[in-house]
1. Which whole-number value in Å² is the accessible area per residue of segment 149-270, probe 1.4 Å?
2. Report the FRET efficiency, 1/(1 + (r/R0)^6), for Lys311 and Lys83, where r is their Cβ-Cβ distance and R0 is 30 Å, rounded to 0.05.
3. Are there chymotrypsin sites (Phe, Trp or Tyr not before Pro) in segment 1-55 that DSSP puts in a loop and that have at most 16 other Cβ atoms within 10 Å, and which ones?
4. Give me the 1.4 Å probe accessible area per residue for segment 5-46, excluding ligands and nucleic acids, in Å².
5. Which residue fluctuates the most in the chain, going by a Gaussian network model with Cα springs under 10 Å, if the choices are Val241, Val218, Val382?
6. So how far, in whole Å, is the C-alpha centre of segment 372-437 from the one of segment 288-353?
7. Take each of the peptides 342-350, 402-410, 361-369, 327-335, average the number of other beta-carbon atoms within 10 Å over its residues, and list them starting from the highest.
8. Run the dipole for the chain about the Cα centre, Lys and Arg Cβ at +1, Asp and Glu Cβ at -1, nothing else charged, and hand back the magnitude in debye, nearest 20.
Amino acid sequence: MPEEALNIIDQRTKSSYEFPFFKGAIRAANLRQIKTGPEDFGVVSYDPAFLNTAACQSSITYIDGDKGILRYRGYPIEQLAEKCTFLEVAYLILNGELPTEVQLDNWVSDIKYHTMLHEKTKNFLTGFNHDAHPMGMFISTLAALSTLYPEARKVRDPEVRKLQIRRLIGKVPTIAAYTYRHSLGYPYVYPDNELSYTENFMNMLWRMVEPKYRPNPVVSRALDILFILHADHEQNCSANVMRAVGSAEADPYVATAAAAAALSGSLHGGANEEVLKMLDAIGSKDRVPAYIEKVKAGGVKLMGFGHRIYKNYDPRARIIKWAADQVFVATCRNPKLEIALELERVALEDEYFIKRKLYPNVDFYSGIIYQALGFKPDVFTVLFAIPRTVGWLAQWQEMLEDPEQKIARPRQIYTGYEARDFVPIGKRTAHPALAIR
Ligand code: SDX
C-alpha cells in the first residue's frame, strides 16, 4: 500500500479500499466505490455547512486560523496593508503577482475609465424609499447592471470577463455612493478621476457645493487599508455563493449581487452593523460584565467575535485597531471604542470565550472606524462589499478557469417519506406538526 493512501474497511462487506491522498485530502468521489452491491449508489460524504469540505483548489488567499495568518497570493496582509494601495492589492488578487509601475498605471486607468454609471441606474435607485437599507439598494443595482451589459453572459470568453471585472470594480464605489446620496436626498456626485480610488469614493459620498473635493489624507489612507483588509478571505460564505452562481454560467453582475446578498447576513458581513447596535445597547463600560453574562447564558452572540477559521486573533482586527487610532487623531475618538476595548478585555479573560477560541474578528472594530468617518451603521456592509467585489471576482475567475469545476450541485441524505399514493382532499387529516398558521 503506498504511504500516501487511506485504507478503509467496510465492516458491512469486509471489503477494504485504498484511497490515495490528494494534497492532504481524499477525493470524496472515491467514496462512491464503497458499495454493498451493484445496485448501491455508493457512500457519499455528509458535511452540513461544509465544516470539513474543500470544494475547490485555490491559490488566491491562504489563512492559518490557529496562527492568525492571512496572505493574499503569499504576501502577508500586514505588509500589504502597510505598503500598498487598494488597487495595487486588487491587481495582485486578480492576477497573482504585484504589478510593475507600468502595469499599475494601466490598471488604475482601466478602473477609473469605468467609474461612471449608466444614467438609467439613477432610475433604478429613484424607486427605493429614502430609508431603504443600502445593501438592498446595492444588491438590486448590481443585478440591474446585468441588463445593461448583456454580452457579460459570455463568461467563457476571457476578454469579456476582463471587461466586466474592470466595470464592476470601477462601478461598485459609485453605486455605493449613489445609494448613500439617495438616502440623504442629495444630488449624485459624478466621479472625479483625478482622485485615487478611495478619494474618489469620498468625493462621490461627501462633495457638496465646492467645485473640487479635497479628501482628508488620513481618512482616505484608512479607507484604503480597510479596503485591503476586506478584499478576499478564501472560501467564506459569500465567495462560496459567487462560485456556485458562477458555476451555472450566470453573468458576473447577478453573481456578484448574489454574493453581496450572502454578505448582508448578520453572521457574515452584516456583523459590523450588528456590532454597533450591540455597543449602543451596552451603552457604557460598566455594563460590559452584565452583557458578557447574557452572552454566556446563550441569550445573544457577542457580535464581531468568533470565526469559522480563526481560532486566534483575526489579523485584520489587529490592523483595524491600529487604523482606528490614526482615524481618531484626524476625526474624534469614538466613545464606543472604550466599550469595545473593555468587551475584548473581559471576553479574552473569560473561560467561555477561551474554551471556544472566540476572538475579535474583522467586524469587531471596523464599524467603530466607519462611524467615526461619518457613516451610518446600515452603510457598513456596503463598505465591506466594495473591496470584497475584488475577491468575489477573483474566486469567480479561478472557478471558471479550473478544468475540474462544473455546475455546483451537492447531494443530500433523503429523510422524507417513502413512496405513497395520492389522498383526495376529502380524506385528508390535518397535520399539526406541519400546520400552516
Ligand atoms: C465574517 O468566513 C469568513 O472568512 C467570513 C469573514 C470574511 O472575511 O469573509 O471573515 C467575515 O463573516 C466574520 C464573522 C462575522 N460574524 C460575526 O461576528 C457574528 C458572530 N459570530 C458568530 O456568529 C460565529 O462566530 C461565526 C458565524 C462567525 C462562526 O460560527 P461557527 O464557525 O459556525 O461556530 P459555531 O457557531 O459553531 O460556534 C462554536 C461555539 C458555539 O457554542 P457551543 O454551541 O459550542 O456552546 O461558539 C459559540 C457558539 O454558540 N459562539 C459564540 C459566538 N460565536 C460562536 N458565542 C457567543 N458569541 C459569538 N460571537
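1. 36
2. 0.60
3. Values: sites: Tyr17, Phe21, Phe22, Phe41, Tyr46, Phe50; in loops: Phe21, Phe41, Tyr46.
The qualifying sites are Phe21, Phe41, Tyr46.
4. Here the per-residue accessible area is 71 Å².
5. Its mean-square fluctuation being the largest, the pick is Val218.
6. That distance is 30 Å.
7. Values: 342-350: 17.3, 402-410: 10.6, 361-369: 27.3, 327-335: 15.4.
Per-residue Cβ counts within 10 Å, averaged per peptide and sorted highest first, yield 361-369, 342-350, 327-335, 402-410.
8. Working: 53 positive and 51 negative charges, 226 e Å.
For the chain, the charge dipole is close to 1080 debye.
The values are calculated or read from the model by the stated rules, or taken from the named source; none is laboratory data. Model, not experiment: these values are computed from the prediction. Every residue, glycine among them, receives a Cβ derived from its backbone with ideal geometry; neighbour counts consider all protein chains shown. Each accessible area value is taken on the protein alone, full model and side chains, heavy atoms only, with ligands, DNA and RNA left out. Shrake-Rupley method; radii C 1.70, N 1.55, O 1.52, S 1.80 Å.
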